[in-house]
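The values are calculated or read from the model by the stated rules, or taken from the named source; none is laboratory data. Please read all numbers here as calculations on a predicted model, not as lab measurements. Cβ coordinates were reconstructed from backbone atoms using ideal geometry, including for glycine residues, and neighbour counts include every protein chain displayed. Heavy atoms of the whole protein, side chains included, go into the accessibility calculation; ligands, DNA and RNA do not. Shrake-Rupley method; radii C 1.70, N 1.55, O 1.52, S 1.80 Å.
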Amino acid sequence: MALFKDKKLCSYEVIREGDEIVLKINCSKCTFLPSVEDNPQCMLKTMSKLIEVGNATKIVFSQKRDYEYDYEQTQLLVEIAKAYKKISRQKKLFEYTNFASDGGCTKCSNYWYSQVKYIIFNLFLSDPIGAYVELKRLLRREKINLDKTSNEECIDCEKKFISMLEYLINILEKTKLIEIAKPYIAGFKIGDRTVYRQIFYPTIKPDFMFTKLMASYPSEGDELASYTIGENEVTIFSVPGTVQYLYHILPPEFKISEEKYDLLDKARKIISEYQPKQSEFINPERMRQVFYNIGHDLIDDLAEHENITLKSSDVEELTNILVRYTVGFGLIEVLLEDEKVQDITINSPMGQIPIFIVHQDFGECSTNIIPTRTESESWASKLRMLSGRPLDEANPILDTELSIPNARARVAVISAPINPTGIAYAFRRHRDNPWTLPLFVKNKMISPLAAGLLSFIIDGSRTILVAGTRSAGKSSLLGAIMVEIMRKYRIITIEDTLELPVDSLRKLGYNIQSMKVAAAMTRGTTEVSADEGIRTTLRMGDSCLIVGEVRSVEALALYEAMRIGALANVVAGTIHGDSPYGVYDRVVNDLKVPKTSFKATDIIVVANPIKSPDGLHKWRRVTEITEVRKHWENDPMLEGGFSDLMKYDPKNDQLEPSKDVINGDSDVLKAIAGNVKEWASDWDAVWSNIMLRANIKQKILDYSNKLKMPDILEADFVINSNDEFHRISDKIHEEVGCLDSKRILNDWEEWLKKELKNKKAS
């Protein structure tokens with residue numbers, strides 16, 4: 001419901017949305033930027049409207065941008081307005097004869113009256129801090145005068161005046177604004193708005209977009225880092241009073257000129273009249289290009305019509321912004337462009353809470369971005385069309401993926417009735433390129449020896465479950481396992497939400513086929529169930545099978561695939577579980593896989609976050625590489641069914657080999673060796689090959705650091721390195737009849753040096 005006033009300068013309306021009471025002031029005809037912190041006249045008019053309205057939870061100045069003051073800031077002003085109303089009703093308080101004894105002597109009263117009247121009726125609403133300071137100074141002066149006065153009649157008047165000043169000061173001191181301002185008002189000068197800028201900082205929303213952004217830096221923030229992502233300026237602050245850092249981003253749309261704002265707003269209004277159909281979202285990349293072309297021509301035409309001269313780079317910039325706020329996802333896309341942003345969470349209710357992120361270097365951070373309900377509902381509609389999956393009362397959960405220029409992400413959405421306050425989102429950003437084992441060695445998630453061991457196990461075509469808690473890096477590690485599979489083998493992936501680096505590996509020459517199946521919690525779609533999808537792969541020929549995540553009834557089909565695929569191809573997937581026994585408990589007790597079928601699991605790799613003692617920092621680490629032995633009946637824990645090959649040592653902050661693996665007491669590794677003539681019954685040869693692989697991973701990292709060539713840790717180079725390792729191994733085996741680890745390492749290192757020399761030359 002809205003109460004509309006006239007459309008003159010600074011007219012206003014009161015908008016009621018649920019519990020929200022928004023005082024929206026029309027500043028379109030103002031010749032200055034509306035601001036209570038900078039402009040005393042703007043504050044005065046706003047306070048006058050608050051006195052008239054009675055209450056508000058938000059104040060919005062509407063010009064070419066919307067400037068919004070949130071609930072906390074609005075309440076500071078509401079309190080002052082209420083204090084003014086209380087004081088102004090006491091008319092006798094300001095009658096100068098009231099100060100004089102018996103209404104007789106008025107020698108000082110007229111002077112006192114004029115000063116107080118000026119403070120209350122001129123300063124109180126435009127500069128309440130100044131009013132408070134002036135009252136305090138007046139009180140201090142009158143107390144000095146009282147000490148000097150000997151006339152009894154003057155003393156009586158003076159006391160009355162002092163009492164009135166104390167009354168006014170007491171009213172002001174009960175307001176939150178004065179309480180916050182007190183530390184800043186030493187030496188305060190009337191007209192100085194510096195203190196207000198410490199307290200009031202509106203969020204800004206241009207007309208062409210719905211998301212709000214706090215553009216100003218935190219007044220007491222300590223800058224920790226700054227960098228740019230394209231045209232976007234990112235600054236990380238520590239802020240007093242919280243252990244959570246602030247991720248402050250300033251995209252180009254908040255820095256463009258007024259005439260460009262006008263062009264964007266007009267272009268958005270024109271282009272928004274066209275509503276894309278669901279069929280157009282089948283190919284979002286093509287749809288985006290079509291809208292880019294339309295937007296580019298539209299901005300060109302509008303600029304010509306308005307006699308505005310734009311460079312080609314300006315048109316390109318404005319077009320990108322326009323597409324982002326029409327068919328795109330607004331500032332979400334700006335956040336996803338930052339490779340250091342790993343997770344984005346958006347909580348309901350919208351319009352009140354900032355977006356939160358997880359940053360690669362600074363962990364959990366709040367941001368200066370506040371999405372609105374309109375924006376939130378727009379995202380939900382687009383995700384429904386992109387995924388073809390429902391999001392409604394019958395299906396209040398949506399899992400899907402989002403692909404935009406320069407970024408991919410997994411998206412989880414919840415809505416009513418499971419979320420009573422609206423819609424909430426979680427975005428998990430995928431790395432632009434697949435993770436590799438050398439990259440994990442660099443980040444200390446695994447040790448070089450662990451990388452060598454995993455490489456050996458993968459080439460041995462074992463069944464692997466990557467386990468861990470949420471955000472432990474399971475999917476990333478599974479992607480690195482895929483990179484270790486030789487390109488000669490076919491790979492089939494099965495996912496309900498596309499996260500694995502299938503497109504990247506396909507471009508790198510892999511024979512890979514992806515299958516998308518129905519999400520476990522989605523009903524009423526035409527998608528094939530996950531268990532049926534896994535069974536289908538068994539009819540698609542000899543392939544490695546990679547399952548994005550084992551969640552539900554597909555576990556039975558996966559173990560069927562494991563049993564059929566044993567000793568033939570890698571079968572791997574991710575599962576939630578914080579330990580090998582936790583994986584067993586989930587698979588057998590929760591997912592109802594028979595105990596005997598669980599024995600088809602060869603290796604469990606557990607990844608878990610490691611926290612610092614103060615709880616402020618955490619790092620991803622692989623904490624266990626465990627084999628599942630086969631000679632147990634009822635409980636693998638009690639009957640020695642789990643044998644750690646490597647375990648995390650917190651003192652050294654890395655995985656260390658167990659005594660069993662050092663002594664060659666590993667059923668899985670022996671089984672792999674049993675299929676290779678030269679390794680059968682020769683543990684030293686097996687261990688030598690594992691160490692060879694570990695040394696190769698370490699050398700890639702060493703050369704990367706030494707030559708400052710981080711790109712050789714990426715998938716394209718690592719895959720070429722793996723191919724060369726296998727070619728050299730085959731060549732030396734033919735020459736000498738065995739896998740001579742020393743010769744293989746020397747020849748491989750010579751290849752590496754030559755490759756790096758060529759890369760530098762190019």
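Mind running the shape call on the stretch 345-388? Use the C-alpha gyration tensor, a ≥ b ≥ c as the square roots of the eigenvalues: rounded below 1.5 for a/c, prolate if a/b tops b/c, oblate otherwise. Display every interim value, and only then the final one.
On the way: a/c = 3.61, a/b = 1.57, b/c = 2.30.
Taking the square roots of the gyration eigenvalues as a ≥ b ≥ c, the stretch 345-388 is oblate.
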Using only protein heavy atoms and a 1.4 Å probe, report how much of His305 is accessible, in Å² to the nearest 10.
140
Sorted by chain and then number, the residues having a modelled amide H within less than 5 Å of the amide H of Gln513, at least 5 places away or on another chain, are Ile491, Ile492, Thr493
Per residue solvent-accessible surface (Å²) - the chain, probe of 1.4 Å:
46
Among 437-448, 704-715, 622-633, the order from most to least packed when residues are scored by Cβ within 10 Å on average:
437-448, 622-633, 704-715
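Quick one: dipole size for the stretch 631-762, taken about the Cα centre, charges +1 on Lys/Arg Cβ and -1 on Asp/Glu Cβ, in debye to the nearest 20. Mind showing how you got there, number by number?
Numbers: 19 positive and 27 negative charges, 188 e Å.
Here the size comes out at about 900 debye.
Go through 140-147, 79-86 and give me the packing order, highest mean Cβ count within 10 Å leading. All intermediate terms of the calculation are to be shown ahead of the outcome.
Details: 140-147: 12.6, 79-86: 18.2.
Packing order, densest peptide first, comes out as 79-86, 140-147.
Mind putting a number on the dipole of the chain about its Cα centre? Charges go on the C-beta only, +1 for Lys and Arg and -1 for Asp and Glu, and I need it in Debye to the nearest 20.
Details: 100 positive and 110 negative charges, 290 e Å.
Rounded to the nearest 20 debye, it is 1400 debye.
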Relative frequency of Cα-Cα separations exceeding 19 Å in the stretch 179-232, percent:
51
Would you be so kind as to identify which of Trp619, Asn232, Ala671 lies farthest towards the positive end of the dipole of the chain, taking Lys and Arg as +1 and Asp and Glu as -1 on Cβ and the Cα centre as origin?
Asn232
Quick one: Karplus J couplings for the stretch 10-23, per residue in order, coefficients 6.51, -1.76, 1.60, θ = phi - 60°, nearest Hz, x for Gly and Pro?
6, 5, 8, 9, 10, 10, 10, 10, x, 7, 7, 10, 9, 8
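Quick one: putting +1 on the C-beta of Lys and Arg, -1 on the C-beta of Asp and Glu, what dipole do you get for the stretch 370-500 around its Cα centre, in Debye to the nearest 20? Show your work: numbers first, answer last.
On the way: 17 positive and 12 negative charges, 100 e Å.
Computed about the Cα centre, the dipole is about 480 debye.
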Using the Karplus curve 6.51 cos²θ - 1.76 cosθ + 1.60 with θ = phi - 60°, what ³J(HN,Hα) values do you get for each residue of the stretch 671-678, in whole Hz, with x for Gly and Pro?
5, 5, 5, x, 8, 10, 3, 6
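Would you mind putting 591-600, 237-246, 306-315 in packing order, based on average other-beta-carbon counts within 10 Å, highest first?
Numbers: 591-600: 16.8, 237-246: 14.6, 306-315: 11.8.
The most tightly packed comes first, giving 591-600, 237-246, 306-315.
Quick one: which of Lys611/Lys647; Lys442/Lys474; Lys45/Lys205 span more than 20 angstrom between C-alpha atoms?
Lys45/Lys205
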Using Cα centres only, tell me the gap between the stretch 421-476 and the stretch 280-355 in whole Å.
32
What does the C-alpha gyration tensor say about the overall shape of the stretch 558-650? Classify as rounded when a/c is under 1.5, otherwise prolate if a/b is larger than b/c, or oblate.
prolate
What lysines does Lys148 reach when the alpha-carbon gap must be under 23 Å and sequence neighbours fewer than 8 apart in one chain are set aside?
Lys107, Lys136, Lys159, Lys160
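Rounded if a/c is under 1.5, else prolate if a/b beats b/c, else oblate: with a ≥ b ≥ c from the C-alpha gyration tensor eigenvalues square-rooted, which is the stretch 635-762?
It comes out oblate by the Cα gyration axes.
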What are the aspartates and glutamates whose alpha-carbon lies under 17 Å from the alpha-carbon of Lys86, with same-chain residues fewer than 8 places away excluded?
Glu52, Glu95, Glu166, Glu173
Surface share of carbon and sulfur [accessible, 1.4 angstrom probe, percent] for the stretch 21-75:
53
Going by accessible area, probe 1.4 Å, with all protein chains left in place, what is the ranking of Asp399, Asp222, largest first?
Asp222, Asp399
Collect residues whose amide H, placed 1.01 Å from N in the peptide plane, falls under 5 Å from the amide H of Ile21; neighbours closer than 5 in sequence don't count.
Thr57, Lys58
Probe 1.4 Å, all protein chains in place: accessible area of Thr57 in Å², nearest 10?
20
Strictly over 29 Å apart at the Cα level, which of Lys49/Lys212; Lys618/Lys753; Lys659/Lys706 would you flag in this model?
Lys618/Lys753; Lys659/Lys706
Any aspartates and glutamates with Cα under 13 Å of the Lys444 Cα? List them, leaving off those in the same chain fewer than 8 positions away.
Asp649, Asp653, Glu656
With x for Gly and Pro, the residue-by-residue ³J(HN,Hα) of the stretch 639-654, computed from phi through the Karplus equation 6.51 cos²θ - 1.76 cosθ + 1.60 at θ = phi - 60° and given in whole Hz, is 9, x, x, 10, 10, 5, 8, 9, 9, 6, 10, x, 5, 8, 6, 6
